Each structure stands twice: as structure tokens, then as C-alpha cells.
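Working notes, beginning with the structure itself.
Nothing in this text is a laboratory measurement; each read-out follows from the coordinates by a stated rule. This is a predicted model, so every value here is computed, not measured. Neighbour counts run over all protein chains shown; Cβ positions are idealised from the backbone, glycine included.
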């Protein structure tokens, strides 16, 4: 994702590049990058990393997604 001269890449726990779509919603606005993980399941747990770069440098930020307990969908 490239916005205002800033390149932003999101990576999953196994360091695979994530793709914006139904599972992952990626936003970059006013110099703030965000990632929303949709329909979380157990295998989504892990460390997610955001990598941002522009002409001034490079920065990363990571967050751990933990899932506690169990849940069930009600239809």
C-alpha cells in the first residue's frame, strides 16, 4: 500500500505479506496505519508487523494477537 510517499506493508506471524481484502482491512490516513483482522479464528493468533518506509527512513511496529477462551457463532 502506498500513500503520500509512504510505503506500508503488513506481515503476518510467519512473515507473509498480507493482502487487503475480505480477511484483512488495511488503512493509512493522516500518517496512521491500521490493520483490521476480520472473522478471527484460532490460526490467526500470532505476531503481526507493519513496515513503513519513505524517503526519510524506515520503521516497524508489531502487535501480538492472542485469542482467549472459546466462542461459537449463533445463527
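Over the C-alpha atoms of the chain, what are the Rg and the largest Cα-to-Cα span, Dmax, in Å?
Just the Cα atoms of the chain yield Rg and Dmax of 14.1, 50 Å.
Once you keep just the Cα pairs under 8 angstrom separated by 6 or more residues, what percentage relative contact order results for the chain? List each step's numbers first, then the result.
Values: 101 pairs, mean separation 21.4, N = 75.
So the answer I get is 29 percent.
Please identify which residues in region 1-45 have an amide N closer than 11 Å to a label point set 7 Å out from the Cα of residue 53, following the Cα→Cβ vector.
Zone members listed by number: 7-9.
Working out 0.36 nm times the residue gap between residue 67 and residue 43, then minus their Cα-Cα distance, what length gain in nm do you get to one decimal? Kindly include the intermediate steps, with their values, before the conclusion.
Numbers: separation 24, 0.36 × 24 = 8.64 nm, distance 0.95 nm.
Here the answer is 7.7 nm.
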